[in-house]
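Peer 1: Attaching a single structure in structure tokens format; questions to follow.
The values are calculated or read from the model by the stated rules, or taken from the named source; none is laboratory data. It should be emphasised that the depicted structure is a prediction, and the values quoted were computed from it without experimental measurement. FYI the Cβ positions are ideal-geometry reconstructions off the backbone, even for glycines, and counts take in every protein chain you see.
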Amino acid sequence: MVGITNHPNWLTFDRESNSANDSPRVIIYINIRLSSLHFSLCKDIISYRDILLVSFFNNNDNFWLMNIYSDSSHLALKYLKDTEANIRNLLIMTGNFINICDSSWDPSFPHHSSISNNLIIVVDSFNLNLSSHTNQVLTRYSDTPSKSNSIINLMFL
């Protein structure tokens, strides 16, 4: 599939691409029933290909949602760690962390990863915690028999 799936019941937030090599790899969908919260894409705070930051208002307070894609070089994670963005009231950080495996969230992965330490540092800076599943469910199924299935989609609250 190329492009974004649109549906009349969902607001779509994505970043415009400047070139073919800069196409966005993250998107955020918000159900239109929540549109009274006035969601807004915040490119002025974080403008990075693999990170989306959306704000909304509730009872005169500003809250944030973030979605991340972690490429094989962990550039989005490095960006977040280096910029030290001070985002108060980040409620949810979700992402595809296919390239950050760790036994903390994936029992099929045998050890702790040094890259996951950086993820935890970023998560801690936003005062978030890994959302634990009642039932651990694999979120990536490999087409290659030599590669194991794993948990790549994480949510921090």
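Peer 1: Right, S70: buried (at least 19 other Cβ atoms within 10 Å of the Cβ), of a type in the set (S, T, Y) and more than 26 Å from H7 (Cβ to Cβ) or not?
Peer 2: Yes: the conditions hold for S70.
Peer 1: Still on this structure, please answer the following. I need the full set of residues from segment 1-17 which are closer than 22 Å to N96 by Cβ and either of a type outside the set (A, V, I, L, M, F, W, C) or in contact with an Asp or Glu (Cβ under 8 Å, 6 or more places away or on another chain) (or both), in order please.
Peer 2: G3, I4, T5, N6, H7, T12, D14, R15, E16, S17
Peer 1: Of (1) within 24 Å of L11 (Cα to Cα); (2) at pLDDT 85 or above; (3) within 16 Å of the chain's Cα centre (by Cα), Y79 satisfies all except one. Which?
Peer 2: Of the numbered conditions (1) within 24 Å of L11 (Cα to Cα); (2) at pLDDT 85 or above; (3) within 16 Å of the chain's Cα centre (by Cα), the odd one out for Y79 is (1).
Peer 1: For segment 36-64, which positions are closer than 24 Å to F97 by Cα and small (G, A, S)?
Peer 2: Of everything in segment 36-64, those that are closer than 24 Å to F97 by Cα and small (G, A, S) turn out to be S47, S55.
Peer 1: Determine, yes or no, whether A85 is in contact (Cβ under 8 Å) with a residue 40 or more places away in the chain and surrounded by 18 or more Cβ atoms within 10 Å (Cβ to Cβ).
Peer 2: Numbers: in contact (Cβ under 8 Å) with a residue 40 or more places away in the chain: yes; surrounded by 18 or more Cβ atoms within 10 Å (Cβ to Cβ): yes.
The answer is yes for A85.
Peer 1: Next up: Would you pick out the residues in segment 15-44 that are of a type outside the set (A, V, I, L, M, F, W, C), at pLDDT 85 or above and surrounded by 10 or more Cβ atoms within 10 Å (Cβ to Cβ)?
Peer 2: Scanning segment 15-44 gives Y29, N31, S35, S36, H38, S40, K43.
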